[in-house]
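S.K.: Here it is, the structure, as structure tokens.
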Amino acid sequence: MTFSRPLRLLTASLAVTAVLSAAACGGDSKPKKSSATPLPTSPAPTTSAAPSTPAPPPAKNPLTGLAAVPPAPVISVKIDDTEPGRPQVGINQADIVYIEAVEGGLTRLAAIFGTHHPTKVGYVRSTRPSDPDLLLQFGKITAAYSGGAHDSLPLMRNSGLTSWSNDAGASFYFRSPHANDHGYINLALNLAQVAKKTHTPAPHSIGWTFSASDAGLPATKGTNVRTWVSGSIGGANGTAVQFKWDARLHKYVRYIDGVRQVDASGKPVAATNVIVQFCKVVSHPQDTDVNGNPSQFTYTVGSGSVAVFRHGKRVNGTWSRSGPHSGTRLKLADGKPLPLVPGNTWVVLATRGAPVSG
């Protein structure tokens with residue numbers, strides 16, 4: 001095809017224009033530097049770990065202030081406290097032992113086992129009417145005893161405690177004759193087996209506090225504890241109770257009629273703390289022994305004075321307990337807690353006004 005000259009000139013002009021336009025649009029292949037001032041950038045936020053809170057120390061055994069809280073159940077055992085029942089078996093493995101008045105001026109023990117459960121404990125005796133009130137501060141625990149009479153059994157069975165009575169056919173009791181048993185004070189109990197079988201509560205606080213330090217305590221000398229447990233009979237018609245501080249053992253050793261007491265294994269019957277708790281004690285004629293002597297009802301709910309013996313020293317204070325399911329709080333005159341030394345404790349439930357010396 002043949003074009004006219006003007007058409008050829010127009011075509012060439014358009015081609016040049018297209019090339020120039022393309023060059024103007026494409027520009028240099030290298031990026032141009034921007035004349036704009038860049039905006040300042042903030043550094044990336046940093047996160048700092050919050051200061052760690054120290055883990056609280058593990059809870060201590062509330063019955064002794066030692067080691068961790070035992071997972072096993074608390075079990076109380078009524079144990080004989082007369083000459084035919086000695087030497088006692090397993091008594092040193094109890095966390096707490098109460099000495100309480102029964103009939104005729106005699107005493108009996110209520111031993112609380114939460115940390116250890118020996119294969120042999122004895123010698124087991126019958127319950128008394130005031131036992132449920134005493135024991136319920138530990139919770140609805142298992143209460144082991146040989147039997148009971150009159151209103152002692154209904155009070156125990158209606159208390160919510162788990163009864164472990166030999167007379168009612170409970171397991172793991174056995175006879176263990178010994179030289180002093182008079183033919184019948186020889187009933188023993190395999191507490192280790194009971195602990196596996198029962199499903200009652202483990203130890204919890206009963207209101208006590210513990211401290212090994214004597215700093216700030218209004219203490220006097222307390223190396224020779226002497227008092228009486230006589231119930232409503234009064235005076236020297238009851239049972240003398242004595243403990244002597246043994247600096248080598250760092251414990252108070254029990255003495256009866258001037259004789260140092262040992263358990264069946266030959267070890268001294270001893271306590272880290274001795275508490276003399278002054279209580280209201282009344283005659284309870286609804287429960288009598290075979291000779292017609294009325295039992296004694298010790299009121300452990302209420303308040304009163306207390307003498308705590310620790311580290312060879314005596315500290316006076318008060319005790320209070322608001323109800324059967326509440327713990328027993330020990331306080332100094334200024335209202336601060338009266339602490340015990342970590343370890344086992346014997347509690348003497350003495351009649352109000354009974355003499356006590358240290």
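Laboratory data are not the source of any read-out in this text; all were calculated from the coordinates shown. The model shown is predicted, which means the values in this text are computed figures rather than measured ones. So basically every Cβ, Gly included, is an ideal-geometry build from the backbone, and we count neighbours across all protein chains shown.
S.K.: Between residue 232 and residue 59, what's the calculated FRET efficiency when r is the beta-carbon distance and R0 is 35 Å? Round to 0.05.
M.R.: Values: r = 40 Å, r/R0 = 1.15.
The computed FRET efficiency comes out at 0.30.
S.K.: How about segment 128-194: which chymotrypsin sites (Phe, Trp or Tyr not before Pro) there are in a DSSP loop, with at most 13 other Cβ atoms within 10 Å of their Cβ? Don't skip to the end; give the middle numbers.
M.R.: Working: sites: 138, 145, 164, 172, 173, 174, 184; in loops: 172, 184.
Sites meeting the loop and neighbour criteria: 184.
S.K.: So what is the relative contact order of segment 229-358, in percent, for Cα pairs below 8 Å that sit 6 or more residues apart?
M.R.: RCO, segment 229-358: 26 percent.
S.K.: Okay, moving on. Note the count of lysine pairs whose C-alpha atoms are less than 28 angstrom apart in segment 150-302, limited to pairs 8 or more residues apart or on different chains.
M.R.: The result is 8.
S.K.: So, one more: Fully extended, how many nm does the chain gain between residue 158 and residue 331 (0.36 nm per residue separation, minus their Cα-Cα distance)?
M.R.: 59.1 nm
S.K.: Quick one: if the Förster radius is 45 Å, what FRET efficiency do residue 179 and residue 214 give, using the C-beta to C-beta distance and rounding to 0.05?
M.R.: 0.60
S.K.: Which whole-Hz ³J(HN,Hα) couplings does segment 70-80 yield from phi under the Karplus relation 6.51 cos²θ - 1.76 cosθ + 1.60, θ = phi - 60°, glycine and proline marked x?
M.R.: Working through the residues one at a time gives x, x, 7, x, 7, 10, 9, 9, 7, 10, 5 Hz.
S.K.: Sorted from largest down, what three extents in whole angstroms do the Cα atoms of segment 90-215 have along their principal axes?
M.R.: 50, 36, 34
S.K.: Would you work out the relative contact order for segment 283-358, in percent, from Cα pairs under 8 angstrom that are 6 or more residues apart?
M.R.: 19 percent
S.K.: For a quick protection proxy, order the peptides 243-255, 89-101, 72-84 by their average other-Cβ count within 10 Å, most packed first.
M.R.: Top of the packing list down: 89-101, 72-84, 243-255.
S.K.: What nm value, rounded to one decimal, do you get for the distance between residue 167 and residue 223 when each label is placed 7 Å out toward the C-beta?
M.R.: With each label placed 7 Å out from Cα toward Cβ, I get 4.6 nm.
S.K.: Which distance in nm do the two modelled labels at residue 320 and residue 248 give, with both placed 7 Å along the Cα-to-Cβ direction?
M.R.: In this crude label model, residue 320 to residue 248 measures out at 4.3 nm.
S.K.: Between residue 149 and residue 259, how many nm apart are label points set 7 Å from Cα along the C-beta direction?
M.R.: A separation of 2.7 nm, rounded to one decimal place.
S.K.: Scaled to the compact-protein estimate 2.2 N^0.38 Å, what is the alpha-carbon radius of gyration of segment 237-280, rounded to two decimal places?
M.R.: Scaled against compact globular proteins, the figure is 1.26.
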